[in-house]
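Colleague: Below is the structure I would like to discuss, written out as structure tokens.
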Amino acid sequence: MGKADQNKKHKMESLLNTSFELFTSKGLNKTSISDIVEKAGVAKGTFYLYFKDKYDIRNRLISHKSSQLFMQAYGELNRSGIKAFDDRIIFIIDHVLDLLAANKGLLAFIYKDLSWAVFKKALTSPVSQDDIDFRDVYQKMIDEADVELRDPEIMLFQIIELVGATGYSSIMYSDPVPLEDLKPHLETTVRGIIKQYSGDKKKAGR
């Protein structure tokens, strides 16, 4: 990466980090573009080189932060040696929930605007070269799975809706129970969802 590219990357990261800090402390509505560029130490024109408005940077932040979460979880998964598909999904869920429990501000920021459509875009539209495209990661996990999976996107949708809603309430309010008490119930339900969409890979390959 040349010096010019490094400078662009630095400015982009500065704007993203500053925006996240302001959005989570002041709120989106009370944060102006002037606030962002002043704190980031860049010209307002620089902001518009990368983003259309503060809603654009908010959406890009959701993508960036979601990618970072899954990149960390997937990295740990690869080091774990876990092979079974359902075990791998459970591992990622546990890791992401633990990261969010340690950073409730991040959870509140992501969850507030997170629908399936936003989530899907967040995980398949990398903001920077350091972000992952979860679509590729998920497809790789499906290809390597020890079972044949039908309608894997619908399966993932159901898992995300379940984990997102119950995990949020559990982490933020300990409702209906704290996260560690919820995890065994989530695991049982997620494994049940995966089983509904799974078949024998050897038979399917015939």
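Bear in mind these aren't lab numbers, they're just calculated from the coordinates by the rules spelled out. Fair warning: this is a prediction, and the values are worked out from it, not measured in the lab. No Cβ is skipped: glycine too gets one built from the backbone with ideal geometry, and neighbour counts run over all protein chains shown.
Colleague: Choose one answer from A43, A145, A101: the residue with the largest mean-square fluctuation in a GNM of the chain with alpha-carbon springs under 10 Å.
Modeller: Ranking A43, A145, A101 by mean-square fluctuation puts A43 first.
Colleague: Quick check on the chain: what does the Kirkwood estimate of hydrodynamic radius come out to from the alpha carbon pairs, in Å?
Modeller: After inverting the pairwise mean of 1/r, the radius is 18.6 Å.
Colleague: Kyte-Doolittle mean at least -0.5 and Cα extent at least 30 Å along the axis: which DSSP H helices of the chain qualify?
Modeller: 152-173
Colleague: How far apart, in nanometres, would the label points at R191 and D151 be if each is projected 7 angstrom from Cα along the Cα-to-Cβ direction?
Modeller: Spacing of the two 7 Å Cα→Cβ label points: 2.3 nm.
Colleague: Within 10 Å of each residue's Cβ, count the other Cβ atoms and sort R79, R150, R88, R191 from fewest upward.
Modeller: R79, R150, R191, R88
Colleague: Gaussian network model of the chain, Cα springs within a sub-10 Å range: biggest mean-square fluctuation belongs to which of N78, N59, N17?
Modeller: In this elastic network of the chain, the residue with the biggest mean-square fluctuation among N78, N59, N17 is N78.
Colleague: To continue, here is another question. Just want to confirm a number: the relative contact order over the chain, from Cα pairs under 8 angstrom separated by 6+ residues, in percent.
Modeller: With pairs under 8 Å counted, the relative contact order is 20 percent.
Colleague: If you don't mind, there's one more thing I want to ask. Give the distance, in whole Å, between the Cα centre of the stretch 1-69 and the Cα centre of the stretch 157-191.
Modeller: If we compute the Cα centre of each part, the gap is 31 Å.
Colleague: Related question: Nothing charged except the Cβ atoms of Lys and Arg (+1) and of Asp and Glu (-1): what's the magnitude of the dipole of the chain about its Cα centre? Round to the nearest 20 debye.
Modeller: 600 debye
Colleague: Now a separate question. As a quick test, which of the pairs K11/K104; K8/K39; K39/K104; K9/K140; K104/K195 have an alpha carbon distance above 21 angstrom in this structure?
Modeller: Values: K11/K104 26 Å; K8/K39 17 Å; K39/K104 23 Å; K9/K140 28 Å; K104/K195 31 Å.
Among K11/K104; K8/K39; K39/K104; K9/K140; K104/K195, the Cα-Cα distance tops 21 Å for K11/K104; K39/K104; K9/K140; K104/K195.
Colleague: If the elastic network links every pair of Cα atoms under 10 Å, which of I154, I90, I194 fluctuates the most in the Gaussian network model of the chain?
Modeller: Its mean-square fluctuation being the largest, the pick is I154.
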